[in-house]
1. Quick test of your reading of the structure: residue 196 fulfils all but one of (1) in a helix (DSSP H, G or I); (2) surrounded by 21 or more Cβ atoms within 10 Å (Cβ to Cβ); (3) not β-branched (Val, Ile, Thr). Name the failing condition by number.
2. If we keep just the residues of the range 199-242 that are aliphatic (A, V, I, L, M) and surrounded by fewer than 15 Cβ atoms within 10 Å (Cβ to Cβ), which is nearest to residue 68 (Cα to Cα)?
3. Scan the range 206-217 and give yes if some residue there is of a type in the set (S, T, N, Q) and in contact with a helix residue (DSSP H, G or I) (Cβ under 6 Å, 6 or more places away or on another chain), otherwise no.
4. I'm trying to understand the selection: among the residues of the range 361-420, which are among the hydrophobic types (A, V, I, L, M, F, W, C), open to solvent by 10 Å² or more (accessible area, probe 1.4 Å) and under 23 Å from residue 315 (Cα atoms)?
5. Which fully enclosed helices (runs of 4 or more DSSP H) of the range 258-342 have 1 or more residues being of a type outside the set (Val, Ile, Thr) and within 19 Å of residue 237 (Cβ to Cβ)?
6. Looking only at the range 314-351, how many residues end up being open to solvent by 20 Å² or more (accessible area, probe 1.4 Å) and within 24 Å of residue 240 (Cβ to Cβ)?
Amino acid sequence: MIFTTPHCFFSCSTSLPFSLSKKPSFFLSKKPRLSTWVSSRIRSSSLCTASLITSPDSFEVGRLIGSYGFMNVTSYSGFQSGADLEFSSGDLGQLRVQDVGEGSVKIRLYEGRIAQGPFKGTPVIFKVYPGQRAAGIEADMMAANELNAHAFLQSSSEGISKNLLLLLGGFETKTGEQWLAFRDNGKYSAADFAKATSEKISRARSLQEKPWNPFEQAQAFKRRTYFVIRLFQGAMNGLAYMHNHERLHQSLGPASVILNTIVERDAVYLVPKLRDLAFSVDISFSSLEEGPSTFSEDLWRRASSAGAFTPMERRSFGIADDIYEAGLLFAYLAFVPFCEAGIMDGFSLQRLLESTFKLDVMATREYCLADDRLLEAVKFLDLGDAAGWKLLQAMLNPDFRKRPIAEAVANHRFLTANVL
């Protein structure tokens, strides 16, 4: 692979150096290349300076470990009310649903490590954005936005959150690809954990030689419950850190939570980390007063439809929008790892909550009680006198003003009390 002359990335005031969802649609305009765009943003920050140069020679690239794409939101409509799908004016702006399509940006992931310097040997994961010829300007904009969000969050004088993936640096190739290097804190995601766990349940129940030992079944449920609670609480701590530092995630889902283990018996060592900040939105008042950017235009359009016009109201709407996504993540973690493979998935669960039961969580519970395949998920959310259902209802409240903040979710009794 041939690389260009290395670009200037960033050095922060921290100990550097050491990645179902709603995605905004793209309203694209002419933008500068990644290095120019980021350098200008970093120069304007009092917390970061562009003094760290990371060249391709600083890294060794290993094997390809995966790839994924993004969804574009193509339209927004009001909350669907009634079998005829007519819109209810009373629901306008309280809840939004969107039509999504597959985006043109395809991300590749590679293993690697730092090849020289004091951190030689540090394992990294490369997140590779395609160049303009392959994916257009939006890939550059996403890479620049992700780098800028990490640079800002990692520059906090309060230290770096243990629940956010750590960016080390990056470089640009001659073909225009943007390579971002993150500390390798695990190759599994919450989606991988859910898939592996549901398949494990299916295998266990397919063995007909003898019934599953009731004691072992109870212990397995406790281990899974503890693991899922730690996973979700860690993700919410990461989101609370972002919100406290004036950044929205806007792409929160099971694939955007990285895990250092998916072994339930190792739950005590679990450290979830948020990644995928390519759609992150700056909600500082200075940014809100500047007007919408490419990644916030749809968000603020929906905010206006919900009656949020002032900077303070729009900031509250954006935070609540992240909480709604986190609520869907909570529902996913409450159902998929507790059911057999193929019984429930993220999109089916979202349709069940939004379309079938219009976000009436307790009505959803009654429906699930009638299906033996969903009883373990009901049992999980029933813990602590149905504390899980109550938390889910609060996060998915159709009125954005009534949703809790991320810090309140992380400290909710379902996640902090001994519900087992």
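The values are calculated or read from the model by the stated rules, or taken from the named source; none is laboratory data. Because the structure is predicted, anything quoted here is derived from the model rather than measured. When we count neighbours, we look across all protein chains shown, and the Cβ atoms used for this are built from the backbone with ideal geometry, even at glycine. These area figures cover heavy atoms from the full protein model, side chains too; ligands, DNA and RNA do not enter into them. Shrake-Rupley method; radii C 1.70, N 1.55, O 1.52, S 1.80 Å.
1. Here residue 196 meets the rest and fails (2).
2. Looking at residues that are aliphatic (A, V, I, L, M) and surrounded by fewer than 15 Cβ atoms within 10 Å (Cβ to Cβ), I get 204.
3. So in the range 206-217, the residues of a type in the set (S, T, N, Q) come out as 206, 208, 213, 217.
From what's left, in contact with a helix residue (DSSP H, G or I) (Cβ under 6 Å, 6 or more places away or on another chain): none.
No, the conditions are met nowhere in the range 206-217.
4. 394, 400, 405, 408
5. Values: elements: 285-290, 297-305, 311-335.
Output list reads 311-335.
6. Narrowing the range 314-351 to residues open to solvent by 20 Å² or more (accessible area, probe 1.4 Å): 314-316, 319, 332, 340-345, 347-348, 350-351.
If we keep only those that are within 24 Å of residue 240 (Cβ to Cβ) too, we end up with 314-316, 319, 332, 350.
Residues that pass the stated criteria total 6.
Condition check ((1) at pLDDT below 95; (2) among the acidic types (Asp, Glu); (3) closer than 22 Å to residue 328 by Cα; (4) open to solvent by 10 Å² or more (accessible area, probe 1.4 Å)) across all residues:
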{"site": "257", "(1), (2), (3), (4)": "no, no, yes, no"}
{"site": "268", "(1), (2), (3), (4)": "no, no, no, yes"}
{"site": "277", "(1), (2), (3), (4)": "no, no, yes, no"}
{"site": "289", "(1), (2), (3), (4)": "yes, yes, no, yes"}
